[in-house]
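Working notes, beginning with the structure itself.
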Amino acid sequence: MTPHLAQLANEGLSFTHAYAQPNCAPTRAAMLSGQYPARIHNDVYVVGSLNRNGRGGISKKDATFLGPKQSEDVAAEAVTIAEAMKKNGYATAHIGKYHVGGHKSKATMPENVGFDINIGGYAQGHQPSCFATNKGGDWKFKGVGLGHFDRFGAPYSEAYVKNRGLANSLVGTPKHISDAAGDALEETVGKLNATGKPFYLQFHTYAVHGPVKARPDLKKAFQEKGSRQAEYLGFIAGVDENLKRMVDLLDDPNNDGDKSDSIAENTVVFFTSDNGGTHADNLPLKGKKGMLTEGGIRVPLIARWPGTSKPGTVSNRKVHCLDFYPSCLQLAGNKWRPDPGQHPLDGDPFAHVLRNPDTTEKRDPIFYLFPGYMDSRAQPTVVAIDDTASGRHKVYYYYEADAWELYNLSDDPGESKNLIKKQPQIAAAMSAKIRHWLSQKHRTWKPKYPIVKASGKPAGPPPLL
């Protein structure tokens, strides 16, 4: 189904414990800012509002708390990863879904926060349409990316299909958004490479966000195999094709057939996701997108760096989406970093792990503060994931129940055995680390807590065990 992704893993380093935020916008905000949502310039905890009660969850009437107000954009005052990479001499670009800029101000749009090229990025969180439609002789992707992809919307031609090895049955049919995004990728890599600078590129595909609509030939291929999820699997296969296009472009940036200009060995490719899966099981992990269980926050991560990383290796090191920002600076030589007094970075760089995947160095704990409600999937909760002498542990504090849970992820990745009564000392130590994390002093550190309805005051950090 994803042969090119498998090849990327065979050529690179795979991480077994990579973590995102519970859903897309806060993950993208964390990657863009390198900060937890508790920072004043990254006040993005969830998509939309922290009062998304109902739909099987705790109703607004029955909830003890109110979710605090939040932002939907990374603030214009933040120093984004794009701005930092530009300071390190890099050209920059964003393609596809962005979601954390442009809600209230053009100042937070990608082109205004460090990206030299922006194709598709603004407040939009998904693609309203997956196929171009003909309107007055012009082919457009209705509602997608401010119209940035419309110039790639012409139907599949014989030359296009032949050059990319696609099915002849596509000739004359509407272009799929994944292929249009791939076309934008080809154009952008050529432009960035032509600058003579190293470059930082965010390629954020719309697939597999709903609506799930596969290209007809890919859907048919899975239908012929008897799959009940042919649409979804075909959608994934389209992502895999774009991954191949990206890797091929690194071997031949101007796409002229001559690989003497290859930049593959000077380029690190990170493949990851912005949240856990939502269209199918995440077994053996528990839960799905939007939840703080492993199925909602643990995501794939592959890093490919030909000639440097040992092919086909695996690392058990914890990695968080916050870590990409300082890691990219590490890869760029750390010639410039944001002033920690103005824009501290919460992430832990892991670029050195790409060179030495066998390192036994441990990452600091990963924390989550979720101060509101999201239908049946999330309620006010604090989480920590840490390595102890007896394994990798995860602790939860639930505000509504005023209760703690503890799991050993090393032995129980499905989080089925609550160890809070059997190993209270581990939970107590982790509760102290949560308190320390939430109580840090910095002018940019302003964690938001659930609001107690009865008093109108913030609930504050969880109690110490």
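Among (1) in contact with a helix residue (DSSP H, G or I) (Cβ under 8 Å, 6 or more places away or on another chain); (2) at pLDDT below 95, there is one condition Asp258 misses while meeting the rest; what is its number?
Condition not satisfied by Asp258: (1).
Look at segment 163-204 and say how many of its residues are surrounded by 16 or more Cβ atoms within 10 Å (Cβ to Cβ) and small (Gly, Ala, Ser).
Selection size over segment 163-204: 5.
Take Asn282 and decide whether it is free of Cβ contacts under 8 Å to residues at least 24 places away in the same chain and part of a loop (DSSP other than H, G, I, E, B).
yes
Got a sec? Which of Leu345, Leu322 is assigned to a loop (DSSP other than H, G, I, E, B) and within 26 Å of Val74 (Cβ to Cβ)?
Answer to the check: Leu345.
Please specify each residue of segment 322-347 satisfying the condition of being buried (at least 19 other Cβ atoms within 10 Å of the Cβ) and among the acidic types (Asp, Glu).
Asp323, Asp346
Given Ala6, Ala75, which one is outside any strand (DSSP E or B) and over 27 Å from Leu329 (Cβ atoms)?
Ala6
For Asp386, work out the one condition from (1) of a type in the set (Asp, Glu); (2) over 30 Å from Gly48 (Cα atoms); (3) buried (at least 18 other Cβ atoms within 10 Å of the Cβ); (4) free of Cβ contacts under 8 Å to residues at least 60 places away in the same chain it doesn't fulfil.
(2)
Can you confirm whether Arg298 is over 22 Å from Val247 (Cα atoms), modelled with pLDDT of 95 or more and more than 17 Å from the chain's Cα centre (by Cα)?
no
Which of the following residues is surrounded by fewer than 23 Cβ atoms within 10 Å (Cβ to Cβ), among the basic types (Lys, Arg) and either on the phi > 0 side of the Ramachandran plot or under 22 Å from the mean Cα position of the chain (by Cα) (or both): Arg55, Arg28?
Just a single option satisfies the conditions, and that option is Arg55.
Go through Gly34, Gly136 for me and flag whichever is touching a residue at least 60 places away in the same chain (Cβ under 8 Å) and either within 23 Å of Leu369 (Cα to Cα) or out of contact with any Cys (no Cβ under 9 Å at 6 or more places or on another chain) (or both).
Answer to the check: Gly34.
Check whether at least one residue in segment 279-286 is buried (at least 18 other Cβ atoms within 10 Å of the Cβ), charged (D, E, K, R) and more than 17 Å from the chain's Cα centre (by Cα), and report yes or no.
Yes: segment 279-286 contains one or more residues that are buried (at least 18 other Cβ atoms within 10 Å of the Cβ), charged (D, E, K, R) and more than 17 Å from the chain's Cα centre (by Cα).
How many residues are touching an Asp or Glu at 6+ places or on another chain (Cβ under 8 Å) and among the charged types (D, E, K, R) when one looks only at segment 297-314?
Residues that pass the stated criteria total 1.
Where residues in segment 451-465 are part of a loop (DSSP other than H, G, I, E, B) and either among the hydrophobic types (A, V, I, L, M, F, W, C) or in contact with a Pro (Cβ under 6 Å, 6 or more places away or on another chain) (or both), which of them is surrounded by the most Cβ atoms within 10 Å (Cβ to Cβ)?
Looking at the filtered set, the residue picked out is Leu465.
What is the number of the single condition among (1) closer than 30 Å to Pro413 by Cα; (2) in a helix (DSSP H, G or I) that Pro37 does not meet?
With respect to (1) closer than 30 Å to Pro413 by Cα; (2) in a helix (DSSP H, G or I), Pro37 is out only on (2).
Take residues that are over 28 Å from the mean Cα position of the chain (by Cα) and tell me which of the strands (runs of 3 or more DSSP E) falling wholly in segment 115-218 contain 3 or more.
133-135
Name the single residue, out of those in segment 80-114 being on the phi > 0 side of the Ramachandran plot and over 16 Å from the mean Cα position of the chain (by Cα), that is surrounded by the fewest Cβ atoms within 10 Å (Cβ to Cβ).
Gly89
Within segment 429-450, take every residue that is aliphatic (A, V, I, L, M) and closer than 28 Å to Pro284 by Cβ and give me the one that is surrounded by the most Cβ atoms within 10 Å (Cβ to Cβ).
Once the filter is applied, the top-ranked residue is Met430.
From the list Tyr449, Tyr398, exactly one residue is closer than 23 Å to Pro37 by Cβ, aromatic (Phe, Trp, Tyr), in contact with a Ser or Thr (Cβ under 7 Å, 6 or more places away or on another chain) and touching a residue at least 12 places away in the same chain (Cβ under 8 Å). Which is it?
Exactly one residue qualifies, and that residue is Tyr398.
Limited to segment 411-465, what total is found for residues that are among the polar types (S, T, N, Q) and in contact with a Lys or Arg (Cβ under 9 Å, 6 or more places away or on another chain)?
2
Could you say whether any residue in segment 50-58 is of a type outside the set (D, E, K, R), part of a strand (DSSP E or B) and modelled with pLDDT of 95 or more?
Yes, because at least one residue in segment 50-58 is of a type outside the set (D, E, K, R), part of a strand (DSSP E or B) and modelled with pLDDT of 95 or more.
If Lys362 satisfies every condition in (1) free of Cβ contacts under 8 Å to residues at least 60 places away in the same chain; (2) farther than 28 Å from Pro284 by Cβ; (3) not polar (S, T, N, Q) but one, which is the exception?
With respect to (1) free of Cβ contacts under 8 Å to residues at least 60 places away in the same chain; (2) farther than 28 Å from Pro284 by Cβ; (3) not polar (S, T, N, Q), Lys362 is out only on (2).
Can you go through Pro253, Pro311, Pro306 and tell me which one is in contact with a helix residue (DSSP H, G or I) (Cβ under 7 Å, 6 or more places away or on another chain), buried (at least 19 other Cβ atoms within 10 Å of the Cβ) and assigned to a loop (DSSP other than H, G, I, E, B)?
Pro253
The values are calculated or read from the model by the stated rules, or taken from the named source; none is laboratory data. Quick caveat, the model's predicted, so the values are computed rather than measured. Here Cβ is always computed from backbone atoms with ideal geometry, including for glycine, and neighbour counts include all displayed protein chains.
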